[in-house]
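What follows is a short report on a single structure.
The values are calculated or read from the model by the stated rules, or taken from the named source; none is laboratory data. These numbers come from a predicted model, not from an experiment. Glycine also receives a Cβ, built like all others from the backbone with ideal geometry; neighbour counts cover every protein chain displayed.
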Amino acid sequence: MKFRAPLILLIVDFALASLATAQTAERKPEGYDASVPKPTLTEVAYGDHERHVLDFWKADSDRPTPVVLVIHGGGWNGGSKERLHRFAEPNALLAAGISIVAINYRYVSQAVDAGIEPPVKVPLHDAARALQFIRSKADEWGLDKRRIGAAGGSAGACSSLWLAFHDDLADPDSEDPVARESSRLWCAAVNGAQTSLDPKQMKMWTPNSRYGGHAFGLMKFDSFLEGRDSILPWIAEYSPYALVTKDDPPVYLNYSNPPELGQDQKDPTHTANFGLKLQEHCREIGVDTELVYPQAPGVKHASATDYLIATLTKDRVDAGKGFVSLFNGKDLTGWEGAPGLWKVEDGIVVGTCDGPGHLAHNTFLIWKDGTVRDFELRATMRLIGDNNSGIQYRSRVLPKVGPYAIAGYQCDAHPAIEHTGMTYEEKGRGIFGLNGKNVMLDRKGERWLLSEHEPVKADLSQWTEYSVEARGNHLIHRVNGKITSELIDHHKEGRALDGLLAIQLHNGNPYRVEIKDLHLKVIDDAEILSWDRSTISNSATKIDRPRTTNPQGTGPILSK
């Protein structure tokens with residue numbers, strides 16, 4: 001469906017855009033700065049337009065490398081990949097074992113000439129296509145196709161954030177192998193980003209705003225603001241701020257001056273007001289965001305390059321390496337939890353709740369050396385006391401709830417048989433399938449019972465082995481090698497495909513949770529099972545959300 005701004009505005013503004021196209025044709029090609037090393041490959045075509053080209057720098061490594069995709073600035077109407085050094089430090093990235101790709105893309109003025117609406121669709125979808133193309137070259141170029149971050153400035157920064165927050169554009173049924181690749185990012189680190197393309201928001205944040213209308217074919221800001229209501233569907237699709245959801249990757253925002261909300265700015269196009277409002281929005285939803293400007297509080301990374309290196313090279317378990325221990329048997333290196341609640345005792349991780357009132361909320365020991373997507377996990381745990389725990393995965397932090405609060409999928413370590421190993425979502429959609437139930441969520445999030453089996457019985461006060469297998473949207477929980485519950489999650493708005501790993505310490509009754517083994521095996525990105533109503537067997541039944549009758553546990557009492 002096409003959405004049209006008022007015709008008289010578009011006629012005038014498209015005429016201005018056509019003039020910009022003629023000016024674009026006269027621009028001379030740029031060259032790389034002298035500090036930029038020679039690319040490994042140059043002018044590689046990722047599409048059929050003359051501007052669908054990229055340059056590639058291969059980092060020296062004996063294993064697949066992370067990648068930084070650099071998207072140049074220039075208002076989506078100028079600039080080129082040769083501006084790479086303005087947005088990232090190539091030598092530092094390469095020295096850290098990170099490969100680099102810099103791309104050209106079509107301008108919005110070229111989209112206007114081609115009759116494409118809205119014009120901004122062209123540069124944004126070109127960036128997504130380039131990202132998918134890079135993934136299609138992972139084996140040939142020696143790349144880790146999961147760990148791809150984006151960098152850019154101004155319009156290139158906005159494009160990077162759009163990629164970070166937009167739903168995956170992969171089409172698993174396409175005949176084009178590139179189109180079947182994911183368009184999702186591991187992270188984004190940008191400079192001077194426009195985080196919103198909504199003129200009403202921009203005017204509220206920065207009264208002298210004047211940028212953004214050309215993205216929708218409206219060259220003057222007054223026209224942009226006047227025509228806002230008619231292009232709301234476009235804003236919802238192309239404004240980064242409007243796209244943020246809980247499963248999005250972390251982002252880093254760098255600005256040259258502090259924010260001053262509600263005040264005119266010397267440079268309203270690149271004001272930190274954009275960053276401050278996006279950070280607030282992301283925090284409410286649960287997406288990690290680092291905002292940097294002069295005298296900003298809590299700065300961890302001085303530059304986008306520093307952030308990319310830290311985030312993309314953080315010690316993680318790579319696919320194909322088999323099971324790797326996440327616990328060194330000595331201390332909590334690689335983990336973070338509330339001080340005083342977690343310790344290592346005789347080679348065992350111990351979390352302790354002293355009883356009602358000790359914890360304000362459920363709290364978690366969080367693995368800090370990466371996130372998990374598709375994987376197999378094995379953990380050996382026991383519970384001492386009348387309470388429960390769980391293995392949290394593909395999760396996110398909830399700073400508004402409190403420190404070390406988590407939301408996301410959980411394999412429940414619960415002594416009540418019906419809850420043992422069940423599929424559950426902490427601070428979210430609740431119980432999916434109890435022990436012995438295999439469940440599917442349809443596209444609306446409604447539950448279907450696919451099959452049942454005898455619940456797995458285990459004494460969780462003794463050492464018990466749990467395993468979690470996550471492949472795409474298919475999740476399998478096991479206790480002592482036997483399947484307790486399976487979940488197929490077609491609920492796109494609610495599910496998560498990537499996130500944090502953690503161990504739960506439940507509030508309430510006094511108890512201890514003890515973990516002595518924790519091993520992770522990362523697997524290659526798995527297929528997302530497609531929704532097809534016809535695949536639901538006639539024996540499947542629609543069910544209500546299960547309710548717990550044992551919110552804490554039925555285990556032995558912890559002696560003090």
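General remarks:
- Residue count for the stretch 147-193, restricted to those that are in contact with a strand residue (DSSP E or B) (Cβ under 6 Å, 6 or more places away or on another chain), polar (S, T, N, Q) and assigned to a loop (DSSP other than H, G, I, E, B): 0
- Residues of the stretch 487-544 that are more than 19 Å from G421 (Cα to Cα), β-branched (V, I, T) and crowded, with 17+ Cβ neighbours inside 10 Å: V522, I528.
- Restricting A496, A470, A502, A458 to residues that are more than 29 Å from T245 (Cβ to Cβ), in contact with a strand residue (DSSP E or B) (Cβ under 8 Å, 6 or more places away or on another chain) and aliphatic (A, V, I, L, M) narrows the list to A458.
- The residue that is nearest to W162 (Cα to Cα), counting only those in the stretch 70-83 that are touching a helix residue (DSSP H, G or I) at 6+ places or on another chain (Cβ under 6 Å) and outside any loop (DSSP other than H, G, I, E, B), is I71.
- Residue check, T535 among the polar types (S, T, N, Q) and modelled with pLDDT of 95 or more: no
- All positions within the stretch 96-144 that are outside any helix (DSSP H, G or I) and among the basic types (K, R): R106, K137
- Per the listing G74, G97, the residue uniquely under 21 Å from H270 (Cα atoms) and surrounded by fewer than 21 Cβ atoms within 10 Å (Cβ to Cβ) is G74.
- For R373, the conditions (1) basic (K, R); (2) surrounded by fewer than 18 Cβ atoms within 10 Å (Cβ to Cβ); (3) touching an Asp or Glu at 6+ places or on another chain (Cβ under 8 Å) all hold with the exception of (2).
- Qualifying residue in the stretch 353-361 (condition: modelled with pLDDT of 95 or more and in contact with a strand residue (DSSP E or B) (Cβ under 8 Å, 6 or more places away or on another chain)): yes
- Among residues of the stretch 148-195 being among the acidic types (D, E) and under 15 Å from the mean Cα position of the chain (by Cα), the one that is surrounded by the fewest Cβ atoms within 10 Å (Cβ to Cβ) is D167.
- Members of the stretch 408-440 found to be surrounded by fewer than 23 Cβ atoms within 10 Å (Cβ to Cβ), part of a strand (DSSP E or B) and either among the aliphatic types (A, V, I, L, M) or not assigned by TED's automatic domain parsing to the domain that holds S451 (or both), listed by number: I431
- Summed over the stretch 273-306, residues that are within 19 Å of S154 (Cα to Cα), of a type in the set (A, V, I, L, M) and either out of contact with any Ser or Thr (no Cβ under 8 Å at 6 or more places or on another chain) or not in a helix (DSSP H, G or I) (or both) total 5.
- Within the stretch 452-474, restricting attention to residues that are touching a residue at least 60 places away in the same chain (Cβ under 8 Å) and among the polar types (S, T, N, Q), the residue that is surrounded by the fewest Cβ atoms within 10 Å (Cβ to Cβ) is Q462.
- Screening the stretch 234-260 for residues that are of a type in the set (V, I, T) and part of a loop (DSSP other than H, G, I, E, B) and picking the one that is surrounded by the fewest Cβ atoms within 10 Å (Cβ to Cβ) gives T245.
- Hey, S154 at pLDDT 95 or above, in the same structural domain as P90 (by TED's automatic domain parsing), farther than 17 Å from V101 by Cα and touching a Ser or Thr at 6+ places or on another chain (Cβ under 9 Å) or not: yes
- Which numbered condition E30 misses (of (1) surrounded by 16 or more Cβ atoms within 10 Å (Cβ to Cβ); (2) at pLDDT below 95; (3) acidic (D, E)): (1)
- Condition met for T548 (over 16 Å from E376 (Cα atoms), touching a residue at least 60 places away in the same chain (Cβ under 8 Å) and not assigned by TED's automatic domain parsing to the domain that holds F375): yes
- When the stretch 152-192 is filtered for residues that are of a type outside the set (D, E, K, R) and in contact with a Pro (Cβ under 8 Å, 6 or more places away or on another chain), the ones remaining, listed by number, are A155, C158, S159, L161, W162, A164, F165, L185, W186, C187, A188.
- For the stretch 377-414, a residue qualifies if it is out of contact with any helix residue (DSSP H, G or I) (no Cβ under 6 Å at 6 or more places or on another chain) and among the acidic types (D, E), and exactly one does: D386.
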